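S.K.: Before we start, here is the structure in question, set down as structure tokens.
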Amino acid sequence: MSYIASRDYDLWMAEQIIFGTYGDTVSIASKKKTLLKFGKTTDLAATTRTTIASLGSGVLNEVYVASDLITHVASSSGSDTGTMKVEGHTVAGTGTSAVFTFVVQTVTLAGQAKTILPTPLARVSRAYNNTATPWVGDIYVAQDVTFTLGVPQTANAIHMKVPAGEQQSFKAATTISGTDYYIITSMDVSVAKKTNAVVDFRLEIREVGGVFRPSLFSTCSQGDSKGVPLNPPVIVPKNADVRITALASATAVEAEAWINGYLASVVS
């Protein structure tokens with residue numbers, strides 16, 4: 001497929017920029033996969049920048065781990081059984097030598113009893129109900145800490161929460177494997193009507209061994225939504241973390257955000 005013939009010059013140019021910047025030849029056509037990452041939170045504050053994700057009561061930002069320490073799942077309801085799908089990454093190496101591998105696995109919930117993941121993870125990016133029976137409680141994906149009635153008792157050990165009544169996680173954050181690049185073509189943000197607030201959103205990227213740095217800003221007010229088409233696209237390199245954070249002009253603000261784009265696989 002010729003990107004120029006199809007008039008999608010921006011994607012073709014993104015592939016060339018990746019080669020010029022990182023030395024990797026990549027192909028969107030070979031990967032054949034788009035990636036939409038969306039999240040929501042009801043806990044935005046005016047003093048602490050917060051990840052747009054459901055992470056648990058009082059958990060504003062995930063504390064990332066350097067090895068495969070994410071090992072257990074549980075529900076706050078004893079009636080939640082059956083299987084769930086968990087998407088995430090394992091890691092080999094540390095610091096600038098860390099390499100992430102994408103993993104999709106199935107785990108069987110046992111109500112409030114914590115259940116071990118078949119494959120321990122360093123990152124978890126999505127979890128969803130894999131059965132025909134709706135979940136009732138909050139579903140947690142966390143490290144091997146004390147769980148009380150299905151709830152991890154160490155806030156920093158929580159890496160994902162599926163809120164009660166929902167059947168899928170909400171996390172506007174992900175990690176890119178060591179064989180892929182993420183070409184982000186749009187970012188959308190919104191603020192719920194119920195709180196009078198202005199929210200400053202920020203797209204942040206952390207390259208392997210580094211710190212989160214801002215790549216894009218957007219501001220949105222009460223009851224509004226805003227789409228930001230990216231031309232040229234924002235490129236997230238392999239083995240990098242990406243997230244959307246926000247800071248509000250009031251407390252307990254509800255907001256949503258998402259990024260969309262294409263994965264490009266390294267072919268040489």
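S.K.: Any residue at all in the range 143-156 that's touching a helix residue (DSSP H, G or I) at 6+ places or on another chain (Cβ under 7 Å) and at pLDDT 95 or above? Spell out the reasoning first.
M.R.: Kept after step one, since they are touching a helix residue (DSSP H, G or I) at 6+ places or on another chain (Cβ under 7 Å), are these residues of the range 143-156: 143, 145.
Checking the rest, the ones that are also at pLDDT 95 or above come to 143, 145.
Scanning the range 143-156 turns up at least one residue that is touching a helix residue (DSSP H, G or I) at 6+ places or on another chain (Cβ under 7 Å) and at pLDDT 95 or above.
S.K.: Residues of the range 29-61 being in a loop (DSSP other than H, G, I, E, B) and of a type in the set (S, T, N, Q), which ones?
M.R.: Step one: list which residues in the range 29-61 are in a loop (DSSP other than H, G, I, E, B), which gives 32-33, 45-49, 52, 54-61.
T47, T48, S54, S57, N61, listed by residue number.
S.K.: Now, a different point. If a residue counts only when it is of a type outside the set (F, W, Y) and without any contact (Cβ under 8 Å) to a residue 40 or more places away in the chain, which strands (runs of 3 or more DSSP E) contained entirely in the range 172-268 have at least 3 such residues?
M.R.: Working: elements: 173-175, 180-191, 198-206, 213-221, 225-236, 241-248, 253-266.
Fully inside the range 172-268 and qualifying: 213-221.
S.K.: Might you let me know whether the range 66-87 holds any residue that is at positive phi, part of a strand (DSSP E or B), of a type outside the set (F, W, Y) and in contact (Cβ under 8 Å) with a residue 40 or more places away in the chain? Give the steps one after another, and end with the answer.
M.R.: In the first step, residues of the range 66-87 are kept if they are at positive phi; the result is 82.
Next, only the ones that are part of a strand (DSSP E or B) stay: 82.
Then drop every residue that is not of a type outside the set (F, W, Y), which leaves 82.
With the extra rule that they be in contact (Cβ under 8 Å) with a residue 40 or more places away in the chain, the set shrinks to 82.
Scanning the range 66-87, I find at least one residue that is at positive phi, part of a strand (DSSP E or B), of a type outside the set (F, W, Y) and in contact (Cβ under 8 Å) with a residue 40 or more places away in the chain, so the answer is yes.
S.K.: Would it be correct to say that N231 is in contact with a helix residue (DSSP H, G or I) (Cβ under 9 Å, 6 or more places away or on another chain), surrounded by fewer than 15 Cβ atoms within 10 Å (Cβ to Cβ), more than 21 Å from L55 (Cβ to Cβ) and not small (G, A, S)?
M.R.: On the way: in contact with a helix residue (DSSP H, G or I) (Cβ under 9 Å, 6 or more places away or on another chain): yes; surrounded by fewer than 15 Cβ atoms within 10 Å (Cβ to Cβ): yes; more than 21 Å from L55 (Cβ to Cβ): yes; not small (G, A, S): yes.
Taking the combined requirement at face value, the residue satisfies it.
S.K.: If we scan the range 20-34, do we find a residue that is at pLDDT 95 or above and within 18 Å of the chain's Cα centre (by Cα)?
M.R.: Checking the range 20-34: at least one residue is at pLDDT 95 or above and within 18 Å of the chain's Cα centre (by Cα).
S.K.: Go through (1) buried (at least 18 other Cβ atoms within 10 Å of the Cβ); (2) in contact with a helix residue (DSSP H, G or I) (Cβ under 7 Å, 6 or more places away or on another chain) one by one and return the number of the condition V91 breaks.
M.R.: Of (1) buried (at least 18 other Cβ atoms within 10 Å of the Cβ); (2) in contact with a helix residue (DSSP H, G or I) (Cβ under 7 Å, 6 or more places away or on another chain), only one is false for V91: (2).
S.K.: Which condition from (1) of a type in the set (A, V, I, L, M, F, W, C); (2) assigned by TED's automatic domain parsing to the domain that holds T251; (3) touching a residue at least 12 places away in the same chain (Cβ under 8 Å) is the one that A110 breaks?
M.R.: Result: A110 passes all but (2).
S.K.: Scan the range 105-119 for residues that are under 23 Å from the mean Cα position of the chain (by Cα) and closer than 14 Å to S75 by Cβ and jot them down. Explain how you work it out, then say what you get.
M.R.: Residues of the range 105-119 that are under 23 Å from the mean Cα position of the chain (by Cα), as a first pass: 105-109, 114-119.
Listed by number, the residues that qualify are V107, T108, L109, K114, T115.
S.K.: When you scan the range 120-143, do you find a residue that is touching a residue at least 12 places away in the same chain (Cβ under 8 Å), in a strand (DSSP E or B), more than 26 Å from T245 (Cβ to Cβ) and in contact with a strand residue (DSSP E or B) (Cβ under 7 Å, 6 or more places away or on another chain), even just one?
M.R.: As a first pass, look at the range 120-143 and keep what is touching a residue at least 12 places away in the same chain (Cβ under 8 Å): 120-131, 133-143.
Still in the running and in a strand (DSSP E or B): 120-121, 123-129, 139-143.
If we keep only those that are more than 26 Å from T245 (Cβ to Cβ) too, we end up with 120, 129.
Among the residues that remain, those that are also in contact with a strand residue (DSSP E or B) (Cβ under 7 Å, 6 or more places away or on another chain) are: 120, 129.
Looking through the range 120-143, at least one residue is touching a residue at least 12 places away in the same chain (Cβ under 8 Å), in a strand (DSSP E or B), more than 26 Å from T245 (Cβ to Cβ) and in contact with a strand residue (DSSP E or B) (Cβ under 7 Å, 6 or more places away or on another chain).
S.K.: Just wondering, is there one or more residues in the range 68-83 that are among the hydrophobic types (A, V, I, L, M, F, W, C), within 20 Å of I116 (Cβ to Cβ) and in contact with a His (Cβ under 6 Å, 6 or more places away or on another chain)? Don't jump to the end; show me each part of the working.
M.R.: We begin by selecting, within the range 68-83, every residue among the hydrophobic types (A, V, I, L, M, F, W, C); these are 69-70, 73-74.
Then keep just the ones that are within 20 Å of I116 (Cβ to Cβ); that gives 69-70, 73-74.
Now narrow it down to the ones that are in contact with a His (Cβ under 6 Å, 6 or more places away or on another chain): 70.
Within the range 68-83, one or more residues are among the hydrophobic types (A, V, I, L, M, F, W, C), within 20 Å of I116 (Cβ to Cβ) and in contact with a His (Cβ under 6 Å, 6 or more places away or on another chain).
S.K.: Scan the range 63-80 for residues that are crowded, with 16+ Cβ neighbours inside 10 Å and among the β-branched types (V, I, T) and jot them down.
M.R.: Within the range 63-80, V65, I70, T71, V73 meet the criteria.
The values are calculated or read from the model by the stated rules, or taken from the named source; none is laboratory data. Because the structure is a prediction, the values reported are computed rather than measured. Cβ coordinates were reconstructed from backbone atoms using ideal geometry, including for glycine residues, and neighbour counts include every protein chain displayed.
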